[in-house]
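To start, the structure under review is shown below, and the notes come after it.
We did not get these values from a lab; they are worked out from the coordinates using the rules stated. Just so it is clear, the model here is predicted, and its values are computed rather than measured. Every residue, glycine as well, gets a Cβ built from its backbone with ideal geometry; the counts of neighbours run over all protein chains shown.
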Amino acid sequence: MSKMNVPNQLTIFRVILVFPFVVLLLGGNAGWFGNNQLIPNWIALAIFIIASLTDLLDGKIARKYNLVTNFGKFMDPLADKLLVCAALICLVEMGRIPSWVVIIIISREFIISGFRLIASDNGVVIAASYWGKFKTVFQMIMVCLMIAGLQDLIPWYAILTNVVMWIALILTIVSLADYLIKNKDVMEDKHDR
């Protein structure tokens, strides 16, 4: 068995970070760490940002040094979805995001994952679109704003967070539509072609 390369180690590290992230975020909200909820929130935010940066880093390293592996192709998107979905579900529990928004975002991820499986089965590789990249950026910003939870300290913070949430939601829907329209041939059975 070959030694795990650096991009794959970063992916595993991102998966491991999900556990302390969730404990700090939900534990801070539940008062496990005393009355000051901001300290565990800020530590959770730092963990989320570090985990998000490892996502950027592992992909760049894998492509630059030709370290792309089947493990990485499978685990990298799974680690991303695990991190973002865990954050969104925690934020619903904390009352910082409506559950229907999270249902739309997570549904999009399931649909795209299913689509990619079908495409892979047909020997088709589907590249990420710019809409998907914009969606990811705004979702990450939205999650960071919601974790920080400064709406009680900064009067306009809640408005900013809501605007970013709506942009992320719109980009989620647009990126899904773009993805499905551009790759509609993937859903055709081979005997139909």
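Points to keep in mind about this one:
- Kyte-Doolittle mean at least 1.6 and Cα axial length at least 15 Å: DSSP H helices in the chain: 157-182
- For the residues Asn29, Asn162, Asn70, a GNM of the chain with alpha-carbon springs under 10 Å puts the largest fluctuation on Asn70.
- In this Cβ point-charge picture (+1 for Lys and Arg, -1 for Asp and Glu), the chain has a dipole of about 440 debye about its Cα centre.
- Number of Lys pairs (Cα under 19 Å; 8 or more positions apart or on different chains) in the chain: 13
- About the Cα centre, charge dipole magnitude for the range 75-163 (Lys/Arg +1, Asp/Glu -1 at Cβ), debye: 180 debye
- Gained length - Cys144 relative to Asn35, 0.36 nm times residue gap less alpha-carbon distance: 37.1 nm
- Linear extension gain, Cys85 paired with Ile111, 0.36 nm per residue minus alpha-carbon span: 7.9 nm
- Simple Cβ-charge dipole of the range 34-93, Lys/Arg +1 and Asp/Glu -1, about Cα centre, in debye nearest 20: 280 debye
- Ordering Ile181, Ile170, Phe13 by Cα displacement along the dipole of the chain toward the positive end leaves Phe13 in first place; charges were set at the Cβ atoms of Lys, Arg (+1) and Asp, Glu (-1).
- Positive-end residue, the range 92-160 charge dipole about Cα centroid, Cβ charges, pick of Val124, Tyr157, Val92: Val124
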